[in-house]
Protein chains: 2
Amino acid sequence: MPKIEGHEDVYEKVFEIMEKHDIECLFYAGGNDSMDTVKMLSDYAAAHGKSQRFMGVPKTIDNDLPVTDHCPGYGSAAKYIAASLKEIIRDNASFGAKKPTVCIVEIMGRNAGWLTAAAALAKGDDCEGCDAIYLPEKVFDIDKFLADVKELAAKKSSVVIAVSEGVKVADGRYVCEIGREVAVDAFGHKQMSGTATMLADRIAAETGLKTRAIEFSTLQRAATHMASLTDINEAFQVGHDAVMAAEEGKTGMMITLDRNGDDPYQCGTSAYDIHAIANVERNVPDEWITADGKGLTDDYVKYARPLIMGELQPLFVNGLPRHLVRKA
Amino acid sequence: MPKIEGHEDVYEKVFEIMEKHDIECLFYAGGNDSMDTVKMLSDYAAAHGKSQRFMGVPKTIDNDLPVTDHCPGYGSAAKYIAASLKEIIRDNASFGAKKPTVCIVEIMGRNAGWLTAAAALAKGDDCEGCDAIYLPEKVFDIDKFLADVKELAAKKSSVVIAVSEGVKVADGRYVCEIGREVAVDAFGHKQMSGTATMLADRIAAETGLKTRAIEFSTLQRAATHMASLTDINEAFQVGHDAVMAAEEGKTGMMITLDRNGDDPYQCGTSAYDIHAIANVERNVPDEWITADGKGLTDDYVKYARPLIMGELQPLFVNGLPRHLVRKA
């Protein structure tokens, strides 16, 4: 939605359509941009005596909405990222010492490093995990990065590094912008990609090491076959509770997930004022990033692990996961 | 292995080591390069009166060994590729008509298009499938490709195209070589990658359409969580039958999978002379590529579908597929 001032006609049109179709409440599922829309529409309704209600339902793999403990979508994306990284790490190590390879894996997240942080979940007694994880919350120093890679490659033949598409150098430029143009999407956001390729090329040029750049691209938001059952259940939970809240007459609010405990893990929900949520981007807290800036603490893992638990084994038809069919 | 002439010392060393450790038979699991090694070692043994035996065990996601109906590894890689493409196609279509996107997905396969052909398996009554599939078996015409994309984009807002990393233009250059240098690996093979990026950039430049390049990279060979149970069972079958054949005194042979029927699908095995197999690369047959060169026929699907059937649901521990742990 455009801002209210100067676009009153657009807002009036929305209410006119809602009136026409007898829509009492609009539930908007999404992330920051969507919650901003909920705020503006509910503000307009309040200012102009409209009875229609507007409820936000959190849903973003970016996990960057404030107040809520986490956002539906994140657990499933994190599960896919961690599971795929385990496979990439195993593959990369299979070449042995004769062919040391530095693999740079680029993960989504323009400003918040939540998705990249999920790389930390790969580590376990069956997987050594990533050798370094770089989040956009920390300034990225290319020279320091190259020195880190050289040090790692001197010690081990297989190096796998996770890096956010949104890492920036000290002057504020995205790493992927350095030396090439970047496209801008419909929201005016710069289209990220190419960070891993740029870094892999730099490593190869400066060290002669074999490198590989991998991007999860859209699969990290689309790979429903690796969804977290906890995540799926919570997505239903926030949707259900948004309807309940609207039934009670609430408007201009978003449903939040409130963690009640880790052992057993359990979340309740609340309806929270949208003004405290819209346009606030929640980053990975500094205390969850290790002091060297290249990893996540155990507290992050304790936070994120419950979110990836449980599986919904897809129904396989003809050897492939079955998708819902849209009725024409 | 180097060729025999001039490297007799290397060969003698192999036999010396086998003698020392009382190894009567070497089983070599792999693809074309591995079968060439089996041929040379068994030829050397025959020429020099050595008693050691050498058996080839087919294992290559490239599926390009001759004589055998297919190769273990292919079914699982094909299943991952088709399952992931279904998710990419659904994701790409979710933006609707307002934001038409052309997505180019690059799939492994230097010379043989088997892995890329697996893109054809995505199509079903819950998925419209890829809009075009380009194999390296056919000369790639960039101008024709751009015209095809324009035609598709004029008709539908979501276009997803699968393309082999190994597609070549008429003068023999790989598409990804055009306009940039390509690294060479330890076998002297050119390191492919960047085909999708190159094509996506060309489309964007010439049409102004939004484009996206996706590479499955190492996940198409490493994503064991999406393995085909048929494939896993057959991998055990060829390994078992190689041991049986060696017990019978056979050498210089590879185990082949021989299809006995499609309904029900069933494969037996044979031991086949390695000389008819080594250094022969099997491509996707011309009659399985559609006349327009942009798709696969139903006969290919009939061939490949049984190979992706069945699942081995991974054991999940801490929310992630458990991997085997190497004993130190």
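Figures for the structure shown
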quantity	calculated
Dimensionless Rg over Rh [region A:77-126; C-alpha; Kirkwood]	1.03
3J(HN,Hα) from dihedral phi, region B:130-138, Karplus parametrisation 6.51/-1.76/1.60, rounded to Hz, x for glycine, proline	6, 7, 6, 9, 10, 9, x, 5, 10
Per principal axis, descending, Cα span of region B:30-174 in whole Å	72, 36, 18
Residue-wise HN-Hα coupling along region A:271-278, computed from phi with Karplus coefficients 6.51, -1.76, 1.60 (Hz; x: Gly, Pro)	9, 10, 3, 5, 5, 7, 10, 4
Size of charge dipole - region A:65-176 - debye, nearest 20, with Cβ of Lys, Arg +1 and Asp, Glu -1, no other charges	240 debye
Long-range HN-HN contacts of B:G124 with modeled amide H, under 5 Å	B:G129
Whole-number Å³ per residue for the convex hull built on Cα positions in region B:1-111	144 Å³
Accessible-area value, A:R173, 1.4 Å probe, nucleic acids and ligands omitted, Å²	110 Å²
Antiparallel bridges, percent of DSSP beta bridges restricted to chain A (to nearest 5)	40 percent
Taking only Cα atoms of the protein assembly as shown, radius of gyration then Dmax in Å	27.1, 99
Amide H contacts under 5 Å for B:V105, placed H, 5+ residues apart	B:I161, B:A162, B:V163, B:I214
Normalised convex hull volume, region B:17-82, alpha-carbon set, Å³ per residue	95 Å³
Chain pair A, B: total accessible area buried, heavy atoms, 1.4 Å probe, Å²	4400 Å²
Counting DSSP beta bridges with both ends in the protein assembly as shown, the antiparallel % (nearest 5)	40 percent
Loop chymotrypsin sites (Phe, Trp or Tyr not before Pro), region B:49-115 (other Cβ atoms within 10 Å of the site Cβ: 14 or fewer; DSSP)	B:F95
Percentage, to the nearest whole number, of Cα pairs in chain A over 32 Å apart	37 percent
Accessible area (Å², per residue) of region B:265-320, counting only protein heavy atoms and a probe of 1.4 Å	51 Å²
Members of region B:306-320 that become less accessible by 50 Å² or more once partner protein chains are added (1.4 angstrom probe, chain alone as reference)	B:E311, B:Q313, B:F316, B:N318, B:G319, B:L320
Accessible surface of the protein assembly as shown [probe 1.4 Å, protein heavy atoms]: carbon and sulfur percent	51 percent
Chain B, rotation onto A, residue closest to that axis via Cβ, with its distance in Å	B:Q313, 3
Solvent exposure of region B:1-158 as accessible area per residue, Å², 1.4 Å probe	39 Å²
Projected area, mean over directions - region B:191-266, Cα convex hull, nm²	9.5 nm²
Fraction of the pair-distance distribution of region A:250-328 above 20 Å, Cα-Cα pairs, percent	63 percent
At least 50 Å² accessible surface lost relative to isolated chain, residues of region B:90-127 (1.4 Å probe)	B:R90, B:D91, B:D126
Too-long pairs where the Cα-Cα distance tops 31 Å, listed order kept, from A:K168/B:K155; A:K156/B:K59; A:K156/B:K39; B:K123/B:K144; A:K250/A:K302	A:K168/B:K155; A:K156/B:K39; A:K250/A:K302
Per-residue HN-Hα couplings for region A:249-264 [Karplus 6.51, -1.76, 1.60; θ = phi - 60°; Hz; x = Gly/Pro]	x, 6, 8, x, 9, 10, 6, 10, 9, 10, 6, 9, x, 9, 9, x
Cα-based Rg / Dmax (Å) for region A:86-154	13.1, 38
Listed residues A:L324, A:L296 arranged by accessible area, highest first, probe 1.4 Å	A:L324, A:L296
Residue among B:G49, B:G109, B:G172 with the largest mean-square fluctuation in a Gaussian network model of chain B, springs linking Cα atoms under 10 Å	B:G49
Residue-averaged 222 nm ellipticity for chain B, from DSSP H runs of 4+ at -39500 (n - 2.57), nearest 500	-10500 deg cm²/dmol
Sequence-distant residues sharing a close amide H with B:K210 (under 5 Å, placed H)	B:V102
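The values are calculated or read from the model by the stated rules, or taken from the named source; none is laboratory data. Bear in mind the structure is a predicted one, so any value in this text is a computation, not a measurement. Cβ sites come from the backbone with ideal geometry, for glycine too, and all protein chains shown count toward neighbours. Ligands, DNA and RNA are stripped out before the accessible areas are found, and what is left, the full protein with its side chains, is counted by its heavy atoms. Shrake-Rupley method; radii C 1.70, N 1.55, O 1.52, S 1.80 Å.
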